[in-house]
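The next block holds one structure in the form of structure tokens; read it before the comments.
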Amino acid sequence: MNAQLKISISYHQVWRAKQYALFLLRGTKEDSFTKHPAYSHNLVKHNPDMVTCIQTDVNDRFEFLYIAFGCTVRSFVNCCKLTLVVDGAHLKGNFKGTMLLAITKGGQNQILPVAYGICKSESTNSWTWFFQKLRDCIGNMEDLTIISDTDPSIVTYVANIFPHAHHGVCGVHLYFNIVSRYGKSKTVKAIFWKACRAYTVDAFNAAMDRMRRTKEEVWEYLRSINPETWSRAHFRGNRYNLMSSNSAESINASSRHVRKVLILLLIDFFRATMQQWCFQRQNFAAEATTTLISWANNIVKENTCTNWDVHMISRHRCEWQLDGIPCGHVIRVLTVNNYDYCSIYALKAYYTDTLRKTYEEPANPLPKPSEWEIPDGLMTVRPPIMDKRQPGRPRNTERIPSQGEGPIRKECYTCSQAGHTKNNCSGRASGSGSSRTRNPTRQEMVNNIGASVSGSQSYNANYCLKLP
């Protein structure tokens, strides 16, 4: 304002004006919670089989929120691989809550949110409530695979609420735990991912033997973790190519800025995102002409190899690994046995017809708030009372500097050099490089005062001087 319009106003005046403008556009935090029952009612009205659930405490203050689109739930149950990635992300607006996500991937290897929730904090009660609502939507599936970070408490939630599901640990989180304990190493990283992605127990054991010879402490750490949670060779279910929780991290990254706004706008952001994704993917599936979707079809072409030797057990029996898409071994075996088309052995989720069914139902928009239907008897929702800062919540480091504001220059008090502080000054121990007068220590000040007293009188400076 000062530079462009030559208006001399204080920083706090501009800040108050901005807050007032945001209030006119978005409303207040109280409005966001108060209007949510009406928003949920209209969301269900325009999107059949939509699931919304709000829970409050005895004082009508917000506790939990769960939302799932009926179209995505049906797509997950009927058309997708039965794998879910669950994760949480901190909200950054006036409400310092947490967003919980359950994500899957469609046949085109595209992210498909199944359900999401909002709670006050990532606690036992919030995850339990979220998983219970998720089970009510998708049922207690036999072959369900759930991938999460290395939080051991999630294992308990999955075991109690989805007793027939298989729980796996994100490989990226596990690798970062290794880095934090034992440091970075390209060799260790390569060996770890080779063990993590190995299809057979023999390949896994070979990678672990190499890890023991390379860095034994990492080998000991991995041995202390149940390999059924992070190794594909030992996993009891089927992870397919889902070795990390990056799909949930991608949703967190895409909602990085909108997580700063009120929760009503955050919820509508996900509704608008699903509306856009469904429309784009409907058009993509309608224009596809191949039996397999393009992503899977390209992998089949890459896996085709005519130079391998095939050792058959019988005409209809051999050894191969399956990842939902025919691998090179399968393709070569079928070629030897005069099968021209290998796509029929792919998972049904990778078929173009399945992709069309996945996104055949749209996510419908809502009318303007002035046109909402407001029924009688809606529940009352008040803003929650946040007691304290949640553990693990990162501090905001995205402050935009004002025009003309330069970075803060760090200067060491000991050596007067820039780029570090006195705590990590290299010249502190040697005492070299200091051009500034050093402050005396407490004992030196006491000795100097004692030495300055003349005469033979017994004198103790500690009784005459109180130093901080």
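Looking at Ile118, is it more than 21 Å from the chain's Cα centre (by Cα), over 28 Å from Tyr350 (Cα atoms) and among the β-branched types (Val, Ile, Thr)?
Criteria not met by Ile118.
Restrict the check to the range 235-256 and report whether at least one residue is without any contact (Cβ under 8 Å) to a residue 40 or more places away in the chain and open to solvent by less than 60 Å² (accessible area, probe 1.4 Å).
no
Restricting to the range 223-278, what's the tally of residues that are among the charged types (D, E, K, R), closer than 30 Å to Leu24 by Cβ and in contact with a Lys or Arg (Cβ under 9 Å, 6 or more places away or on another chain)?
Going through the range 223-278 one residue at a time, the tally reaches 3.
Which residue, of Gly70, Gly88, Gly93, is in contact (Cβ under 8 Å) with a residue 12 or more places away in the chain, of a type in the set (Gly, Ala, Ser) and under 24 Å from Arg356 (Cα atoms)?
Gly70 is the lone residue from the list that is in contact (Cβ under 8 Å) with a residue 12 or more places away in the chain, of a type in the set (Gly, Ala, Ser) and under 24 Å from Arg356 (Cα atoms).
Within the range 171-228, work out how many residues are touching a Gly at 6+ places or on another chain (Cβ under 9 Å) and exposed (fewer than 14 other Cβ atoms within 10 Å of the Cβ).
0
Could you please find all residues in the range 351-372 being open to solvent by 80 Å² or more (accessible area, probe 1.4 Å) and over 30 Å from Ala285 (Cα atoms)?
Lys368, Pro369, Ser370, Glu371 - these are the residues of the range 351-372 that are open to solvent by 80 Å² or more (accessible area, probe 1.4 Å) and over 30 Å from Ala285 (Cα atoms).
Pairs, please: C-beta under 8 Å, at least 6 apart or cross-chain, first residue open to solvent by less than 30 Å² (accessible area, probe 1.4 Å) and hydrophobic (A, V, I, L, M, F, W, C) and in the range 268-288, second at pLDDT 90 or above and outside any helix (DSSP H, G or I)?
Phe270/Ile67; Phe270/Pro113; Phe270/Tyr116; Met274/Pro113
Here's the yes/no breakdown for (1) surrounded by fewer than 22 Cβ atoms within 10 Å (Cβ to Cβ); (2) in contact with a helix residue (DSSP H, G or I) (Cβ under 6 Å, 6 or more places away or on another chain); (3) of a type outside the set (A, V, I, L, M); (4) in contact (Cβ under 8 Å) with a residue 12 or more places away in the chain:
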{"site": "Ile54", "(1), (2), (3), (4)": "yes, no, no, yes"}
{"site": "Asn59", "(1), (2), (3), (4)": "yes, no, yes, yes"}
{"site": "Ile103", "(1), (2), (3), (4)": "no, yes, no, yes"}
{"site": "Gly107", "(1), (2), (3), (4)": "no, yes, yes, yes"}
{"site": "Cys119", "(1), (2), (3), (4)": "no, yes, yes, yes"}
{"site": "Asp149", "(1), (2), (3), (4)": "yes, yes, yes, yes"}
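Can you pull out every residue in the range 97-142 that is within 30 Å of Phe284 (Cα to Cα) and basic (Lys, Arg)?
Lys105
With respect to Ser126, is the statement that it is open to solvent by 10 Å² or more (accessible area, probe 1.4 Å) and outside any strand (DSSP E or B) true?
no
The values are calculated or read from the model by the stated rules, or taken from the named source; none is laboratory data. Everything numeric here is computed off the predicted structure, so don't read it as measured data. Virtual Cβ from ideal backbone geometry, glycine too; neighbours counted across all protein chains shown. Heads up: the accessible areas ignore ligands, DNA and RNA and are worked out on the full protein's heavy atoms, side chains in. Shrake-Rupley method; radii C 1.70, N 1.55, O 1.52, S 1.80 Å.
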